[in-house]
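Colleague: Mind looking over this structure? Questions follow.
The values are calculated or read from the model by the stated rules, or taken from the named source; none is laboratory data. Quantities reported herein were computed from a predicted structural model and do not represent experimental measurements. When we count neighbours, we look across all protein chains shown, and the Cβ atoms used for this are built from the backbone with ideal geometry, even at glycine. Accessible surface is based on the protein model in full, side chains and every heavy atom, while ligands, DNA and RNA are left aside. Shrake-Rupley method; radii C 1.70, N 1.55, O 1.52, S 1.80 Å.
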Amino acid sequence: MKKITVINGHPDKESFNSAIAHSYIQSAQNAGSEVRYIAIGEMNFNPNLQYGYRQRMELEPDLVKALEDLHWSEHQVWIHPLWWLGMPAVMKGFFDRAFLPGITFKSNKGGPTDGLLKGKTGRIITTAGDLSLDAYEDVYRSGGLVQLKQGILEYCGVSVIDNHFIGPLYEWDEDDRKRWLNTLKHLAEIDSAHESI
């Protein structure tokens, strides 16, 4: 049985990102995976890393539970909208507050950083309202993807196996959305079928 944690970074629980998350979860469960869900927008925590790394803030219970779910996982699915070429503020605040030294990575003086989420795989699903994939890649050099994939997840040891850009959504109709939700079922089945992705 595959242990999968799905993380939704959209602050609105009625968003298409939430529909993506729930479609994936249902399909993964139907395929035999055990799935846990983190809806960052519904969590209760201060997203501001008040003192940087100078003084450790106590982790709120929702952050503690989310970290337990991430460490428990074998595979992670990160879903978020692209706003101003990056993730929503609450999602960035989640990383600032929860992805701390000694929790998701370990710094070594004079040597490379150790990712404490090593051995886990990840999939990134990003939605965009009016931005095309060509402009995102060619003009903006996939800045948001670089931040999440390389700057956060891979830095902390997660091996990202694939990423998906969905958009521009303003051009989509209901049939387009349904087609993508069906695609998610296939991705969930693939993720659930592999012992080691």
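Colleague: In the structure displayed, which of Lys92/Lys149; Lys65/Lys185; Lys92/Lys178; Lys109/Lys149 lie more than 21 Å apart, Cα to Cα?
Modeller: Lys65/Lys185; Lys92/Lys178; Lys109/Lys149
Colleague: Could I ask something else about it? Amide H to amide H, which residues 5 or more places from Asn163 or on other chains are under 5 Å from it, using H placed in the peptide plane?
Modeller: Ile124
Colleague: For the Cα atoms of the chain, what angle does the longest principal axis make with the long axis of helix 16-30, in degrees from 0 to 90, nearest 10?
Modeller: Tilt of helix 16-30: around 90 degrees.
Colleague: For the chain, build the charge dipole from Cβ charges (+1 Lys, Arg; -1 Asp, Glu) around the Cα centre, then report which of Pro11, Gly115, Trp84 sits farthest towards its positive end.
Modeller: Comparing the listed Cα positions along the dipole, Gly115 ranks first.
Colleague: Could you derive backbone 3J(HN,Hα) for the range 157-169 from the dihedral phi with the Karplus parameters 6.51, -1.76 and 1.60 (θ = phi - 60°), listing whole Hz in sequence and x where the residue is Gly or Pro?
Modeller: My calculation for the range 157-169 gives x, 7, 8, 7, 8, 6, 9, 9, 9, 10, x, x, 5 Hz in order.
Colleague: If the convex hull of the alpha-carbon atoms of the range 3-192 is projected onto planes in all directions, what is the mean projected area in square nanometres?
Modeller: On the way: hull surface 44.9 nm².
With every direction weighted equally, the projected area is 11.2 nm².
Colleague: Using the Karplus equation 6.51 cos²θ - 1.76 cosθ + 1.60 (θ = phi - 60°), what ³J(HN,Hα) coupling, rounded to whole Hz, does each residue of the range 36-45 give in order, writing x for Gly and Pro?
Modeller: 10, 10, 10, 9, 4, x, 9, 7, 10, 7
Colleague: Still on this structure: What number comes out for accessible area per residue over the chain if the probe is 1.4 Å? Units Å², please.
Modeller: On a per-residue basis, 51 Å².
Colleague: From Cα pairs below 8 angstrom and at least 6 apart in sequence, can you work out the relative contact order of the chain, rounded to a whole percent?
Modeller: Computed over the chain, the figure is 27 percent.
Colleague: What's the angle, to the nearest 10 degrees (0 to 90), between helix 174-193's Cα axis and the longest principal axis of the chain?
Modeller: So the inclination is approximately 50 degrees.
Colleague: Turning to a different aspect of this structure: So if we plug the beta-carbon distance of Asn108 and Asp173 into 1/(1 + (r/R0)^6) with R0 = 45 Å, what FRET efficiency do we get, rounded to 0.05? Can you show the working numbers first?
Modeller: Details: r = 51 Å, r/R0 = 1.14.
That pair, Asn108 with Asp173, gives E of 0.30.
Colleague: So, one more: At a 1.4 Å probe radius, carbon and sulfur cover how many percent of the accessible area of the range 121-197?
Modeller: Working: 1900 of 4160 Å².
So the carbon and sulfur contribution to the accessible surface is 46 percent.
Colleague: Another question about this same structure. Can you list the residues, at least 5 places off or on another chain, whose amide H is less than 5 Å from the amide H of Phe45, using H built in the peptide plane?
Modeller: none
Colleague: Further question on the same structure: How large is the charge dipole for the range 139-191, taken about the Cα centre, if only the Cβ atoms of Lys, Arg (+1) and Asp, Glu (-1) carry charge, to the nearest 20 debye?
Modeller: 180 debye
Colleague: Going by amide H atoms built from the backbone, whose H comes under 5 Å of the H on Thr127, apart from near neighbours?
Modeller: For Thr127, the qualifying residues are His80, Leu82, Ile166.
Colleague: Determine the dipole magnitude for the chain: charges of +1 sit on the beta-carbon of Lys and Arg, -1 on that of Asp and Glu, nothing else is charged, the reference point is the Cα centre, and the result goes in debye to the nearest 20.
Modeller: On the way: 20 positive and 26 negative charges, 171 e Å.
Once rounded to the nearest 20, the dipole reads 820 debye.
Colleague: Okay, moving on. For Trp72 and Tyr51, what is the calculated FRET efficiency with R₀ set at 22 Å and r taken between the beta-carbons, to the nearest 0.05?
Modeller: With a Förster radius of 22 Å, E is 0.15.
Colleague: Helix 61-72 against the longest principal axis of the chain: what's the angle in degrees, Cα atoms only, rounded to the nearest 10?
Modeller: Once rounded, one gets 80 degrees.
Colleague: Let me ask something else. Provide the per-residue ³J(HN,Hα) series for the range 122-134, in order, calculated from phi with Karplus coefficients 6.51, -1.76, 1.60 and θ = phi - 60°, each as a whole number of Hz, with x at glycine and proline positions.
Modeller: x, 10, 10, 10, 10, 10, 9, x, 10, 9, 7, 5, 4
Colleague: Same structure, new question: Could you work out the local net charge near Leu169, counting Lys and Arg as +1, Asp and Glu as -1, over the other residues with Cβ closer than 11 Å to its Cβ?
Modeller: In short, -3.
Colleague: When you count, for each residue, the other Cβ atoms within 10 Å and take the mean per peptide, how do 46-58, 112-124 rank with the highest first?
Modeller: Working: 46-58: 10.2, 112-124: 16.7.
Per-residue mean Cβ counts within 10 Å order the peptides as 112-124, 46-58.
Colleague: Per residue of the chain, what 222 nm ellipticity follows from adding -39500 (n - 2.57) for every DSSP H run with n ≥ 4, rounded to the nearest 500?
Modeller: -10000 deg cm²/dmol
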